[in-house]
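To start, the structure under review is shown below, and the notes come after it.
The values are calculated or read from the model by the stated rules, or taken from the named source; none is laboratory data. Note that the structure is predicted; figures quoted are calculated from it, not measured. Cβ placement follows ideal geometry from the backbone for every residue including glycine, while neighbour counts extend to all protein chains displayed.
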């Protein structure tokens, strides 16, 4: 954090920071009032005035120094970004197969074909689960938005896997009822969760791309500004 940024940081937090000698929010006003009172002979000694002024200045300097020592914002993890892209590919495949499964419920497909499609979805979900496990393991290395993304993906994936298991169990026990409302509801539930999961991960990947482009443009503009100043 630069010196001017640190000073602005000091100004911003003074409203909430209270010293024993009074509120820093009114530090400059208080400093001048104290000085004025001393010159008017209000009973306050010049030594006390100087002490209070020195305390205020020292406090400001301490805050500025501490602000300069504050850690910079955590940068995005490149590895997490790559894993999100991989997760997106598995999620999209699961979404496509789940859409096909739902369409099967309005066709004359056999229960075996439904089973094959459910198995394909399960394979994509398992692959997605492996990527999710890697994301969770790397969570501490991610930036705040990446950590938030990981926290949202894992619970939704668990819900998706649970719905898939229920649907497969229902099919196994009711092989001749694949065109009945109960199975259709289960298949539709799988599709809805697959769409939700793929959409969410897709949004995270798109946000990552847009953020990277913005950072590149900002860096370019800063460089151009610096060259003009020089």
Original post:
In this structure, is residue 113 closer than 25 Å to residue 178 by Cβ, surrounded by fewer than 19 Cβ atoms within 10 Å (Cβ to Cβ) and free of Cβ contacts under 8 Å to residues at least 60 places away in the same chain?
Top reply: yes
Original post:
Counting only residues that are within 19 Å of residue 188 (Cβ to Cβ) and outside any helix (DSSP H, G or I), how many does the stretch 89-141 have?
Top reply: 5
Original post:
Would you say residue 82 is crowded, with 17+ Cβ neighbours inside 10 Å and modelled with pLDDT of 95 or more?
Top reply: no
**OP:** Would you confirm whether any residue within the stretch 166-177 is more than 17 Å from residue 83 (Cα to Cα), crowded, with 22+ Cβ neighbours inside 10 Å and modelled with pLDDT of 95 or more?
**Re:** yes
**OP:** Determine the pairs where a residue that is closer than 15 Å to residue 80 by Cβ, located within the stretch 203-214, has a partner that is assigned to a helix (DSSP H, G or I) with Cβ atoms under 7 Å apart, the partner being 6 or more residues away or on another chain.
**Re:** 204/84; 204/149; 205/84; 205/85; 205/88; 208/81; 208/84
Subject >> Matching residues, the stretch 140-154, being free of Cβ contacts under 8 Å to residues at least 24 places away in the same chain and buried (at least 17 other Cβ atoms within 10 Å of the Cβ) >> reply: 147
Subject >> Condition broken by residue 126, with the remaining ones in (1) within 20 Å of residue 171 (Cα to Cα); (2) in contact (Cβ under 8 Å) with a residue 12 or more places away in the chain satisfied >> reply: (2)
Original post:
Mind checking whether some residue in the stretch 168-189 is touching a helix residue (DSSP H, G or I) at 6+ places or on another chain (Cβ under 6 Å), in the same structural domain as residue 109 (by TED's automatic domain parsing), closer than 30 Å to residue 134 by Cβ and without any contact (Cβ under 8 Å) to a residue 24 or more places away in the chain?
Top reply: yes
